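Throughout, read-outs are computed from the coordinates displayed, never taken from laboratory work. Bear in mind the structure is a predicted one, so any value in this text is a computation, not a measurement. No Cβ is skipped: glycine too gets one built from the backbone with ideal geometry, and neighbour counts run over all protein chains shown.
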Amino acid sequence: MSNQYAAMPSMHIGWSLWCGLTIATLARPVWVKVLGLLYPSATLLVIVATANHFWMDAVGGVVCLSFGFALSCAWYGTLPYRLPKQVAVICTV
């Protein structure tokens, strides 16, 4: 059995997991945090149930997202949402 149109990795799950983690991290109300964490779960259920992706496609998407987070942590020294909110403006005269 093969699906010639299934993409490896599935960035449907990568994008939804990134959004869900960001919402769960930055939101204040608990119900919004819960919805943020449910979003990737619902996306995983839909992409596998509709046969748009296989399970391993989703695992590949999670691996790609993890690589991106690791690269971001290595580059900035912290997670991006913990970076300062304001950037110093340097004026040259």
(Q) Please list, ordered by chain and number, the residues whose modelled amide H lies under 5 Å from the amide H of Phe54; skip anything fewer than 5 residues away on the same chain. (A) none
Q. Taking amide hydrogens as modeled 1.01 Å from N in the peptide plane, which residues meet the under 5 Å criterion relative to Ser10, leaving out close sequence neighbours?
A. Ala58, Gly60, Gly61
Q. By average Cβ neighbour count within 10 Å, what is the ranking of 14-22, 28-36 from highest down?
A. 14-22, 28-36
**Q.** Separation of the Gln4 and Tyr76 label points, Cα + 7 Å toward Cβ, nm
**A.** 4.2
